[in-house]
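Visitor: Right, I'll just put the structure down here and ask away after.
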Amino acid sequence: MQPIFTLQYGEFAVADYLSNHIRNASVFIPSSAQEKGIDLLLYRFDNGMNLINTIQVKTSRTYYNKNPKYQGTLWFNRFEPQDNADWFIFVGIYADFPEKVDASSRNFKWDTIMLAFKNKEMKQFMEDVRLKSDNEKKDKMFGFGFNGRTEIRQTRGYSEERDMTRYLIENRNSEIENSFR
């Protein structure tokens, strides 16, 4: 029998990032999709103990020209965060266009932008996802506008745009390193 294994790009991008940026840790990928809410395990062996972080990954492609203030926009469906995920990581895949190059040009590279939320933060975030027109009703989607890896703002699912830059994964590396249980 030939081994066949596939991994969605967003999960691969997160696994690759964590492997390269979280010290003394390994990434494990479940071979079964039966464990709901867990896409990756971040593992560390420390002082005779097996320590883990469980991770759920959500991925969006980038939409261009939705909001002229931003290079791109990401859209996600609202969901109920499961208790078994320690971290939720949102991944956006985008074409990083050099300045003054038309979007139809082939002169670009693919890049990713990632937001990382702890379980408690994700539950609060989802509770806050509301319609702008009626704050009593939950919105079915939420979105982020971004300009490269330096600015990201929530543009849908909240009463006003709010800065989400602190949730960029590169701003949370030390928290992830210190969150093993």
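Visitor: Hey, what angle do you get for helix 119-128 against the long axis of the chain, alpha-carbon based, 0 to 90 degrees rounded to 10?
Guide: 30
Visitor: Which value, in debye to the nearest 20, gives the size of the charge dipole of the chain about its Cα centre, when Lys and Arg are +1 and Asp and Glu are -1 at the Cβ? Intermediate results must be reported in sequence, preceding the final value.
Guide: Values: 26 positive and 25 negative charges, 72 e Å.
Taking the Cα centre of the chain as origin, the dipole is about 340 debye.
Visitor: Any idea which of GLY37, ALA95, THR165 is furthest toward the positive side of the dipole for the chain, if Lys and Arg beta-carbons carry +1 and Asp and Glu beta-carbons -1?
Guide: Positive-most Cα among the choices belongs to ALA95.
Visitor: Quick check: net charge around ARG181, other residues with Cβ under 14 Å of its Cβ, Lys/Arg +1 and Asp/Glu -1? Each step should come with its number before you reach the end.
Guide: Numbers: positive: ARG44, LYS118, LYS120; negative: ASP46, ASP83, ASP86, GLU175, GLU177.
Combined, the nearby Lys, Arg, Asp and Glu give -2.
Visitor: Okay, next question. GLU121 to PHE28: extension gain in nm, 0.36 nm per residue of separation minus the Cα-Cα distance? Mind showing how you got there, number by number?
Guide: On the way: separation 93, 0.36 × 93 = 33.48 nm, distance 2.36 nm.
Gain on stretching GLU121 to PHE28: 31.1 nm.
Visitor: Using R₀ = 30 Å, calculate the FRET efficiency as 1/(1 + (r/R₀)^6) where r is the Cβ-Cβ separation of GLU161 and ILE52; round to 0.05. Don't skip to the answer; put the middle values down first.
Guide: Values: r = 35 Å, r/R0 = 1.18.
With a Förster radius of 30 Å, E is 0.25.
Visitor: Helix 9-21: angle to the longest alpha-carbon principal axis of the chain, degrees 0 to 90, nearest 10?
Guide: Value to nearest ten degrees: 60.
Visitor: If I stretch the segment between LYS140 and GLU170 completely, what's the gain in nm (0.36 nm per residue apart, minus their alpha carbon distance), one decimal?
Guide: Working: separation 30, 0.36 × 30 = 10.80 nm, distance 2.79 nm.
Taking 0.36 nm per residue and subtracting the Cα distance, the gain is 8.0 nm.
Visitor: Give me the net charge of ASN67's neighbourhood, meaning all other residues with Cβ under 13 Å from the Cβ of ASN67; Lys, Arg count +1, Asp, Glu -1.
Guide: +2
Visitor: Moving on. Sorted by average packing, counted as other Cβ atoms within 10 angstrom per residue and highest first, what order do 58-70, 84-96 take?
Guide: On the way: 58-70: 15.7, 84-96: 21.0.
The densest-packed peptide leads the list: 84-96, 58-70.
Visitor: Which aspartates and glutamates have a Cα less than 18 Å from the Cα of LYS137, not counting those fewer than 8 places away in the same chain?
Guide: GLU80, GLU127, ASP128, GLU160, GLU161
Visitor: Put a dot 7 Å past each Cα toward the Cβ at ASN147 and LYS69; how far apart are the dots in nm?
Guide: Each label point lies 7 Å from its Cα, and together they span 1.0 nm.
Visitor: Let me ask something additional. Expressed as a rounded percentage, what relative contact order does segment 9-177 have, with Cα pairs under 8 Å and six or more residues apart? Can you show the working numbers first?
Guide: On the way: 323 pairs, mean separation 29.7, N = 169.
Computed over segment 9-177, the figure is 18 percent.
Visitor: Provide the gained length on full extension for the span ALA95 to ASN77, in nm with one decimal, where the gain is 0.36 nm per separating residue minus the Cα-Cα distance. Before the final figure, lay out each step's value.
Guide: Working: separation 18, 0.36 × 18 = 6.48 nm, distance 2.20 nm.
Length gained, ALA95 through ASN77: 4.3 nm.
Visitor: Same structure again: Setting aside same-chain residues fewer than 8 positions from LYS132, which lysines have a Cα under 26 Å from its Cα?
Guide: LYS58, LYS66, LYS69, LYS118, LYS120, LYS123, LYS140
Visitor: Which value in nm describes the separation of the simple spin-label points at LEU131 and ASP111, placed 7 Å from the Cα toward the beta carbon?
Guide: Placing both labels 7 Å beyond Cα along the Cβ direction yields 3.6 nm.
Every read-out reported here was derived from the displayed coordinates using simple, explicitly stated rules and does not represent laboratory data. Just so you know, these numbers come straight off a predicted model, no measurement behind them. Reconstructed Cβ throughout: ideal geometry from the backbone, glycine too, with neighbour counts over all protein chains shown.
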